[in-house]
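Colleague: Attaching a single structure in structure tokens format; questions to follow.
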Amino acid sequence: MRVRFPLLVQNPLIREIKRKTKALIFSAFVFYSLSTFCYPALVLPFFVTHLLLDFAGYLYIYQGNTIDKQAQKQGMAIKLRKKPLANGKLSLYLDSWDGEQRQYEFLKLYLYPRPKDALEKEHNKDTLKMAENIRAKRELMVASDEYGFMPAFKKKVNFYEYLQQFIKGYTKKDIRMFGSMLKYLREYAQTDYLPTKAITENFCRGFREFLDNHPNLSGETPYDFFARFKKVLKQAVRDNLFSNSPAQDVQNKRIDKTVSKDILNVEELQLLAKTHCGNDQIKRAFLFACNTGLRYCDIKVLQWRHIQGGSLQMTQQKTSKPVIINLNTTALRLLGEKGKPEEAVFTLPSHTGILKVLRYWKDRAGLSKTVTFHVARHSFATNLLIYETDVKTVSSLLGHTSLEHTQKYVRVVEALKQKAVNRLPEIEL
């Protein structure tokens with residue numbers, strides 16, 4: 001059975017090489033036959049000359065084919081073509097060839113093969129015009145990639161829409177950070193339409209300063225938001241919206257990783273426990289966070305099925321990392337009466353309502369410190385270290401992804417110890 005390779009046979013270079021190879025074999029056979037009857041000294045030079053000429057022919061064909069490919073690639077055209085469908089319509093698609101690979105892009109635009117009335121004729125006219133515009137833009141994109149310039153239509157792309165599409169296709173756990181960053185980007189730009197040409201290095205530098213000085217942002221949040229902004233710009237470069245990232249030279253320094261929140265010591269927690277709070281659910285939930293280190297987002301979704309015996313086992317909302325915490329006597333008492341597995345352990349109001357209750361509660365207790373669920377988490381970690389719990393255990397209880405996040409609490413404890421030593425009265429000598 002004879003095997004055929006139609007793709008190879010259609011290649012002009014392969015066909016020419018096959019033809020010359022057959023001629024070379026035939027010539028070798030003839031020369032060998034003549035050499036048996038003629039003087040070898042005359043046949044051999046002629047045979048060698050013939051081999052050199054054939055080799056030169058191969059080289060000429062190869063060079064010509066390479067030049068043709070380069071010319072095709074440099075002058076690559078994108079053709080608009082039609083494909084008949086089973087329903088009788090014609091589907092429009094783009095056919096591009098770069099000298100090595102053919103690609104097709106179906107535009108999801110359709111024509112009537114035989115328009116019956118003026119409406120169908122108008123439809124065909126408008127559709128063809130739209131398809132031709134797409135073809136011209138694709139060709140311009142190819143040229144812009146080759147010569148390194150940005151087409152005018154890309155400069156007018158609304159960056160908000162691009163960022164929203166980026167978020168829509170983003171699958172990692174920090175997706176919420178991008179949504180929050182977009183909100184502050186809109187606040188900074190003060191416009192509903194942000195063209196890509198407006199995003200310059202000065203714009204990016206101003207956005208970074210805006211995040212640093214925003215009253216609602218603190219700690220590492222400005223750094224995290226701008227890091228996400230730079231990540232989107234890098235993807236925009238890959239998508240050919242920018243030739244280079246306008247934020248690549250804008251520094252995004254991470255602040256010193258120390259805990260800037262207030263810390264509640266054991267005596268202050270005891271004071272809060274004895275003070276009346278307007279909402280018992282909030283009071284128990286807050287003190288429970290002070291004894292477990294759970295974030296507010298985890299406290300809010302905590303269900304009775306997560307309480308197994310004397311321990312708490314759940315997957316953290318922020319990191320998707322499982323955490324197991326052995327509950328002390330205080331934490332078990334704060335849980336209250338056990339409910340059904342799918343019931344929430346604490347019934348809490350809105351986040352704004354919680355902050356109002358916590359503010360009233362700490363004022364009633366006579367505390368000047370800020371009291372939030374984030375402070376509860378910081379207090380849990382710091383108090384553990386004060387009572388000489390090792391860093392690795394604290395990191396595990398907090399559900400940190402690395403010890404680096406826990407070291408900031410160590411520095412806080414050292415600072416508190418130094419502060420306590422400095423408060424000792426001076427001894428006169």
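The values are calculated or read from the model by the stated rules, or taken from the named source; none is laboratory data. Keep in mind that this is a model prediction, so the values were computed, not measured. So basically every Cβ, Gly included, is an ideal-geometry build from the backbone, and we count neighbours across all protein chains shown. The area values use the complete protein model at the heavy-atom level, side chains included, leaving out ligands, DNA and RNA. Shrake-Rupley method; radii C 1.70, N 1.55, O 1.52, S 1.80 Å.
Colleague: Output the peptides 279-285, 112-118, 194-200 sorted from most to least packed, where packing is the average of other Cβ atoms within 10 Å over each peptide's residues.
Modeller: Ranked from most to least packed, the peptides come out as 279-285, 194-200, 112-118.
Colleague: Hey, another quick one. For the residue pair LYS172 and GLU139, what label-to-label distance in nm results when each label sits 7 Å from Cα along the Cα-to-beta-carbon direction?
Modeller: Here the modelled spin labels are 3.9 nm apart.
Colleague: Another question about this same structure. In what order, largest first, do VAL301, VAL345 sit by accessible area if the probe radius is 1.4 Å?
Modeller: Solvent-accessible surface, decreasing: VAL301, VAL345.
Colleague: Moving to a separate point now. Which peptide among 323-335, 77-89, 371-383 comes first, and what is the full order, when sorted by highest mean count of other Cβ atoms within 10 Å?
Modeller: Packing proxy ranking, top to bottom: 371-383, 323-335, 77-89.
Colleague: Grab the beta carbon distance between HIS214 and HIS123, set R0 = 35 Å, and tell me the FRET efficiency rounded to 0.05.
Modeller: After rounding to 0.05, the efficiency reads 0.10.
Colleague: Could I ask something else about it? With a point put 7 Å past each Cα toward its Cβ, work out how far PHE106 is from ASN326 in nm, to one decimal.
Modeller: 6.2
Colleague: Now, a different point. Tell me, what is the per residue accessible area of region 322-365 in Å², probe radius 1.4 Å?
Modeller: 67
Colleague: In what sequence, largest accessible area first, do MET314, MET130, MET177 appear using a 1.4 Å probe?
Modeller: MET130, MET177, MET314
Colleague: Related question: I'd like the GluC sites (Glu not before Pro) in region 243-341 restricted to DSSP loop residues with at most 10 other Cβ atoms within 10 Å, sorted by number.
Modeller: Hits after loop and neighbour filter: GLU337.
Colleague: Given R₀ = 45 Å, FRET efficiency for GLN248-GLN317 by Cβ-Cβ distance, to 0.05?
Modeller: 0.85
Colleague: Sorted by accessible area (1.4 Å probe), largest first, how do TYR296, TYR184 line up?
Modeller: Highest to lowest solvent-accessible surface, that is TYR296, TYR184.
Colleague: Once ligands and nucleic acids are excluded and a 1.4 Å probe is used, how much of GLU139 is accessible, expressed in Å² to the nearest 10?
Modeller: 60
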